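What follows is a single structure, written as structure tokens, with notes after it.
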Amino acid sequence: MLIKLTGGRVHDPANHVSGEVRDIYVEDGKIVAPKPDARPDATYDIKGRIVMAGAIDPHTHIGGGKMNIARMLLPEDHKGDPVTCTELTRAGSGHSVPSTHITGYRYAEMGYTACFEPAMLPANARQAHMEMGDTPMVDKGAFAMLGSDDYFLRQLAAKKDFEAIKDYVAWTLHATQAIAIKVVNPGGISAFKFNQRKLDLDEEHVYYHVTPRQIILTLARAIEELGVTHPLHIHGCNLGVPGNIETTLATVKAAEGLRVHMTHTQFMSYGTEGDRKFSSGAARLTELVSKTPNVSIDVGQVLFGQTCTASGDSMRQYAISKSAHPKKPVTMDIECDAGCGVVPMRYRDKSFVNAMQWVIGLETFLLFDDPWRMFLTTDHPNGAPFYFYPHLIRLLMDKSFRDDSLQKINSDAQGQAELLKSLSREYTLDEIAILTRAGPARSLGLKDRGHLGVGAAGDITVYRDDPDREAMFATPELVFKNGEVVVKNGKVVKVVQGATHVVRPDYDKAIEKPLNDYFDRYSTVRMENFKLADEEIVRGDNGAIIAQPTGARRS
Amino acid sequence: MSNSSPRQPKPERASPTVFKNVVNPFCGTLADDLVVERSGGGLKVVENGSRESIAGFERKLPRANPLVNGKDADLSTAIAEAAKLIGKAKLPLFGGLAADVEGMRAVLALAERSSGIVDHASSEALYRNLKILQTTGWTTTTLTETRNRADLIIIAGSDIQRIHPRFFERVASPPDSMFGVTARKRTVVFIGKGLDRSGAEGAKIGDVVTIGCKDEDAGHVVALVRARMRGFDVTPPKRSGVSRAEIDALAERCKQAEYGVVVWAPAALKSAHAELAIEQFTGLVKDLNQETRFAGLALGGGEGVTTAAAVCTWISGYPLRVSYACGAPDYDPYRWDIGRMLKDGEGDVLVWISSISPSLVPPPTKIPTIVLGTPGLALKRPASVFLPVGTPGLDHAGRLVRVDTVVTLPLKDLGRAELPSTAEMLSAIQAAI
């Protein structure tokens, strides 16, 4: 099967193609070199249209226990957004924590072809993958959370051989079918179980006497030496605390040249200036990260409306539970492994703090000059549901729209938004393509995604060139998944099951001996049952596994 | 799925096959350390058995044919009859729902296509919890966390020993713990004089305390503890059997605990409107978390109810009691309660799924009933269609969600009998509609 997309203006930054008219050929699901003499089975005349690779969301909470708690907690979230089944698609419900099928359809209808769940608790990995298995249309993958799990903390406290720690990190990636490792409030989720209510970068965990700095350095180094492409994904200490910009800057410096990704930095960039003792740290963060090439970031933009925050950071989620709207926060301590907190939240443009969060996120986007080290996220659903992305893209691409929006927010926040008002930057289509395709693919090590070069998967999105960029990105004209048309004019026309991307770094299988002893002594789950077999995803969830390459293990 | 009638046990083998790390699907806490042998005589639990797991694994499976109106039928005839009944129904009710993840996925797919209602046999108990979750939120914990960390475990008005015979062995008094909170340093408080304390006695638990109220008054006792902690001058009534000193002592234990866990099982709470008792339990946790650490642990979860609620939630957006009558899922925990609907004459066909234990039978009803059941299911009257299905974790592989809602466990095919899974059977029905 050969198809040809002809006449489109291609934005493919990974291959240095910037809006030139190019024909794209896809054969058996993969992009191939132009075959001018061949007779395609189908030709799509997309003259004047904008063509990009399928979009990739590298940080979106789409599956796993905390999302299902959020769904269970918030029937009111779904009541207003019911979705009927069709001949083709399943029923479900939407808004901030949509049901799984609806999540898949809406991502695809927005031109996305891959989504990554960034906070999979190893103890909950099986369920996270099952939920993703019921999320059609998109490829997916998950980051396993480490850093508050007792096995790791015990190893670190006992100053175990670093190679053994690396083996454990690699074993976790295998056992949970993950593509990366995330650390959330390093050590803090565990510390909260010991009744510590905060844990600064250099503050000791009361039981293990290790610090978040040590945890971050150990995990970041382990990942680097294991050859895993995506660097340690860090949700740092003190999320949401005014003044946490100091912690965040210190964390960036703490990486000591190791590659790290600082996630949803908007929530981590708060100063204490101004009458309300709450101010933007975006300028300081972006200045430091700009000159720290080992660090990448995503923003976690807040957009106004009802949503639900859901995080592994039980310590900080508990702390903000008084802000819950509606007032029904959930906190959970989990399996000597991790925790979670689910706090429904309504971001109001007339709230000073919420408006400042909006300002800080936009400042971060507009001040940071290396799109290859920045991803477009709302930290779905924490800052806003993912289908607000087109609105966010318009805010970035359209200065006058941004200025109009700024007029509507809390007036005190407007008073602190002089910097934002002064920023005239408008993102280009190439930059958007980097933020939403090429950058995430490169960072996650997805060799054949996020670009349109020969050998890439036929995941392609075609947009009408609408000056209203929100309308343009909300309703792509065509979306191809592995060379098949799956969305037309923003509606699903074919349902497909995406693959699950994982990494499989080398490790010494002897690690299973102490691990097995640990599970037998302390856990209510056997190690053999903890591990998630390939066939659960392949047969049980009717999926497929793609093992992305890793570099050679180093010591 | 094979077309032959699914009734033959697998052929006898010379030497027994031994399975390790076997999950017990007959209890919501899903112990996964069983060792089970299969021989010509069936299955035998050789290690880590309990009353209910031995009964479940070792039950002699009777021969079971597909039945239409009580008479033997081919599988294909029975499936066609089921498809016909569901296909012409205006409001099919999908109840029971004792199934694995794959089975629940198939239930939801078929309910959606046939405009049906989805509700589990024990969701009345589940809803005691959900009413509180959905109005106030809560703070909870899990089995492994409790096992290693809790220095105070309060068993609140629920007979945990009866429901979960291995809870004390696996969670409350394990031989070892990660943080030195061994059983010897642990206090277990029973609120309710009728609760079976045998799991705690004899075990090496440091302190075992009983608050001698009626079991159904546990919520009142906890309310008094909360009131005393806030400094209110309240005294339990004489008839309660509890003294103010006992209340104060319990309050003090709670405040001194480093990690306290309040345990209840919603199905076991005997008081009317038991959600109000649960609100007190989770309220106690909330009060104490301001200064120390406390968490709730809701148990029960038998017959796959946790799995049913979890899968229904991620697929529809709602935890059971969902109607697809209008196409999109509609949620109403009162209106779409299948028990109530049957009493009130609503619905025109009942599809009852009971693949785990032989005792989960449909409520009495006059509407046609299609049963997907484990052979030996103790039906009170013949169903319109009976389709024998396998038990996940014995007859086929599958997955179940544990009662604490976080851990999902893989179930093995122990090769007990050649029976199709609930998922396979429902898919065949859906294909035939």
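The values are calculated or read from the model by the stated rules, or taken from the named source; none is laboratory data. Everything numeric here is computed off the predicted structure, so don't read it as measured data. Every residue, glycine among them, receives a Cβ derived from its backbone with ideal geometry; neighbour counts consider all protein chains shown.
Listed here are the residues, each with its yes/no results for (1) within 25 Å of B:THR144 (Cβ to Cβ); (2) in contact (Cβ under 8 Å) with a residue 12 or more places away in the chain.
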position	(1), (2)
A:CYS85	no, no
A:ILE102	no, yes
A:MET120	yes, yes
A:ASP134	no, yes
A:GLY147	yes, yes
A:ARG154	yes, yes
Q. Quick one: how many residues across the stretch A:165-201 are buried (at least 24 other Cβ atoms within 10 Å of the Cβ) and at positive phi?
A. 3
(Q) Quick test for you: out of A:ILE320, A:ILE334, pick the one residue that is under 30 Å from B:LEU143 (Cβ atoms) and surrounded by 24 or more Cβ atoms within 10 Å (Cβ to Cβ). (A) A:ILE334
(Q) Take B:VAL189 and tell me if it is of a type in the set (Val, Ile, Thr), farther than 18 Å from B:ALA295 by Cβ, away from chain A (no Cβ under 14 Å) and touching a Leu at 6+ places or on another chain (Cβ under 8 Å). (A) no
Q: Report, by residue number, each residue of the stretch A:471-530 that is polar (S, T, N, Q), within 14 Å of chain B (Cβ to nearest Cβ) and over 25 Å from the mean Cα position of the chain (by Cα).
A: A:ASN516, A:SER523, A:THR524, A:ASN529
Q. Just wondering, is there one or more residues in the stretch B:170-178 that are surrounded by fewer than 24 Cβ atoms within 10 Å (Cβ to Cβ), hydroxyl-bearing (Ser, Thr, Tyr) and either under 20 Å from B:LEU30 (Cβ atoms) or not assigned by TED's automatic domain parsing to the domain that holds B:VAL403 (or both)?
A. yes
(Q) With the requirement that a residue be buried (at least 21 other Cβ atoms within 10 Å of the Cβ) and within 14 Å of another protein chain (Cβ to nearest Cβ), what does the stretch B:335-364 give you? (A) B:TRP336
Q.
With the condition being among the hydroxyl-bearing types (Ser, Thr, Tyr), I'd like the strands (runs of 3 or more DSSP E) fully within the stretch B:293-384 carrying at least 3 qualifying residues.
A. none
Q. Does the stretch B:290-303 contain any residue that is without any contact (Cβ under 8 Å) to a residue 12 or more places away in the chain, in contact with an Asp or Glu (Cβ under 7 Å, 6 or more places away or on another chain) and surrounded by 24 or more Cβ atoms within 10 Å (Cβ to Cβ)?
A. no
Q. Can you find a residue in the stretch B:402-425 that is among the basic types (Lys, Arg), closer than 23 Å to B:VAL45 by Cα and away from every other protein chain (no Cβ under 14 Å)?
A. yes
Q) Out of all the residues in the stretch B:134-145, which are in a helix (DSSP H, G or I) and surrounded by 23 or more Cβ atoms within 10 Å (Cβ to Cβ)? A) B:LEU143, B:THR144, B:GLU145
Q) In the stretch A:202-228, what count of residues is obtained for those that are part of a loop (DSSP other than H, G, I, E, B), within 24 Å of the chain's Cα centre (by Cα) and surrounded by fewer than 21 Cβ atoms within 10 Å (Cβ to Cβ)? A) 1
Q. Is it true that B:ILE367 is among the aliphatic types (A, V, I, L, M), closer than 26 Å to B:CYS326 by Cβ, buried (at least 24 other Cβ atoms within 10 Å of the Cβ) and more than 14 Å from every other protein chain (Cβ to nearest Cβ)?
A. no
Q | helices (runs of 4 or more DSSP H) within the stretch A:461-555 that include 2 or more residues among the hydroxyl-bearing types (Ser, Thr, Tyr) and free of Cβ contacts under 8 Å to residues at least 24 places away in the same chain | A | none
Q: State yes or no: is A:THR364 buried (at least 21 other Cβ atoms within 10 Å of the Cβ) and within 14 Å of chain B (Cβ to nearest Cβ)?
A: no
Q: State whether the residues of the stretch B:315-334 include one that is within 14 Å of another protein chain (Cβ to nearest Cβ) and of a type in the set (Val, Ile, Thr).
A: yes
**Q.** Among the candidates A:GLY240, A:GLY281, A:GLY271, residue that is surrounded by fewer than 24 Cβ atoms within 10 Å (Cβ to Cβ), of a type outside the set (S, T, N, Q) and touching a Gly at 6+ places or on another chain (Cβ under 6 Å)
**A.** A:GLY271
Q | Members of the stretch B:91-128 that are on the phi > 0 side of the Ramachandran plot and crowded, with 24+ Cβ neighbours inside 10 Å | A | B:GLY96, B:LEU97
Q: Output the number of residues of the stretch A:365-380 satisfying the condition of being over 17 Å from the mean Cα position of the chain (by Cα) and assigned to a helix (DSSP H, G or I).
A: 2
Q.
If B:VAL389 satisfies all but one of (1) among the aliphatic types (A, V, I, L, M); (2) out of contact with any Ser or Thr (no Cβ under 7 Å at 6 or more places or on another chain); (3) more than 10 Å from every other protein chain (Cβ to nearest Cβ), what's the number of the condition it fails?
A. (2)
Q | strands (runs of 3 or more DSSP E) wholly inside the stretch A:43-141 containing at least 3 residues that are facing chain B (nearest Cβ under 8 Å) and of a type in the set (A, V, I, L, M) | A | none
**Q.** Any chance B:ALA156 is touching a residue at least 40 places away in the same chain (Cβ under 8 Å), farther than 24 Å from B:GLY212 by Cα and away from chain A (no Cβ under 13 Å)
**A.** no
